[in-house]
1. Taking 0.36 nm per residue of sequence separation and subtracting the Cα-Cα distance, how much length would be gained by fully extending the chain between ARG245 and SER294, in nm to one decimal?
2. Report the convex hull volume per residue for the stretch 70-160, counting only C-alpha atoms, in Å³.
3. Rounded to whole Hz and in sequence order, give me ³J(HN,Hα) for the stretch 305-317 from the Karplus expression 6.51 cos²θ - 1.76 cosθ + 1.60, θ = phi - 60°, writing x for Gly and Pro.
4. Quote to one decimal, in nm, the extra length available between PHE204 and VAL323 on full extension: 0.36 nm per residue of separation minus the C-alpha distance between them.
5. How are the alpha carbon pair distances in the chain distributed across 10 Å bins from zero to the largest one, expressed in percent?
6. Students often get this wrong: which residues of the stretch 225-266 have the backbone nitrogen under 20 Å from the point 7 angstrom along Cα-to-C-beta of ARG49?
7. Sum -39500 (n - 2.57) across every DSSP H segment of at least 4 residues in the chain, then divide by the residue count to get the 222 nm mean residue ellipticity, nearest 500.
8. So, R0 is 22 Å and r is the distance between the beta-carbons of ARG59 and ASP124; what FRET efficiency does that work out to, to 0.05?
Amino acid sequence: MTSDSFASRLAREGHRLQRSRTRILQLNLGKLCNLTCSHCHVNAGPARREIITRETIDRILHWFESNPLPVVDLTGGAPEMVPDFRYLISRLREISPDVHIIDRCNLTILVEKGYEWLPGFLADHRIEVVASMPCYSPENVNQQRGDGVFDNSIRGLQILNQCGYARPGSDLKLHLVYNPVGDFLPGPQKDLEKDYKTELLNNFGILFSDLLTITNMPIARFAAWLRREGRYESYLELLRESFNRATVDGLMCRDTVSVSWEGELYDCDFNQMLGLPMGGESWRGRKLWEVTLSEMEFMDVCTGDHCFGCTAGSGSSCGGALVEEPAMDAVSPGQ
Ligand code: SF4
Ligand code: SF4
C-alpha cells in the first residue's frame, strides 16, 4: 500500500503533466439542473442559481472569434436550462460553421415541459449529444439519479432517435455515458457497450453510437456519500492502486480548457469544482478573454489526489476510457 500524492506518483513514473496545444473549449454553463444525482461532481440541482449571463457569453464568443478551437463542449448542470443556450449555439455556428459542438445532456430535460423545442434544435444545429445513462435497468438508474429518471431517459433517447440521432447513415452522434453506481471502477468499455446495445435495442428499440465509461471522481456529492458510508479512504486507495501509466498521455486536461459560468479558467471540470485554477494561485480569477492560447501551452496542470480517478484502470475522461486494457497490476473492479 502506498500513500503517494498524485504529483509524486507521476514524478516516480518519470512524467510531468503539462498542457499541450488546446483543442477543446469546455464551457460549464452553470449549476442549474432538473436532477440531483447522488454522484454529481457539480452539486447541481433545481435550486442552484449560478448560471452564465449573456454578457459572459458575448465575451467568450468574442474571444472565440480570434481563437476558433475545433471543439466546443457544453456542460453544466443541465446546459439546456440556461436561457441563452440557443443564442450561444447559434452564434458559435455563425462564427465557425464547422465547429464540433457537444451537448452533455441528462436526457430527462428532453421530456420536461417547456423544452419541446430541444430535440429538433439539437438535430438542426448538428450537435453531438453525450447523454448520461448509468445502466440499462431501471433500478440502478433510479437509485443514482432519482425516481422516474429511467423512464424519462428512455423516452428522451427515443425522441432523439426519431430526430435522426444514431440512425443508420445519419451523422448525428448520440453517445451514452456509463458511470458505476458505487465505489468501484467501470468494467471494460467495449464489453459494456455490447450489453447496452443489445438491451436497449431489444427492450426499447433504442439505437446509440458509442458507450463511454467514466470513473466516479471522489469529489463533491460522491465524496460526501463515500464519507458518510466510511468508504472514502478505501475508494481512494482503490484508485491509487489501479494507477495505469498508459493513461497519462491522453488525460483530457492536456488539451482542454475548462471555463466556468463566470469565465474563469481551469484545466478540467473537476478542478473547476474544487476551485483549483489553471496556472495555480497566480492565475486565480483570470478570465478566458484575458489570456491567449499560447500562454496556456506547456503550463503545468494543477493536480490533486482526485486525479487518481482519471488514471485508474482503463482511465477516464469526458470521452470515456483512455486505453483499451487496464494495467496488469490494476485492481479488479468490485463492490
Ligand atoms: S450529474 Fe448531471 S444530471 Fe445529475 S445532477 Fe449533476 S449535472 Fe444534473
Ligand atoms: S482530474 Fe483528471 S483531467 Fe483533471 S487535472 Fe486531474 S488528471 Fe487532469
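1. On the way: separation 49, 0.36 × 49 = 17.64 nm, distance 2.73 nm.
So the extension gain works out to 14.9 nm.
2. Considering the Cα atoms of the stretch 70-160, their hull volume per residue is 94 Å³.
3. So the Karplus estimates, Gly and Pro as x, are 5, 4, 4, 4, x, 7, 10, 7, x, 7, x, 8, 7 Hz.
4. Between PHE204 and VAL323, full extension yields an extra 39.8 nm.
5. That works out to 6, 26, 36, 25, 7, 0, in percent per bin.
6. The answer is 261-263, whose backbone nitrogens lie closer than 20 Å to the label point.
7. -9000 deg cm²/dmol
8. The formula returns an efficiency of 0.25 here.
The numbers here are math on the coordinates, done by the rules we state, and not lab data. Only a predicted model underlies this, so the values are computations on that prediction, with no experimental measurement involved. Methodologically, a virtual Cβ is constructed for each residue, glycine included, from the backbone with ideal geometry; neighbour enumeration extends over all protein chains shown.
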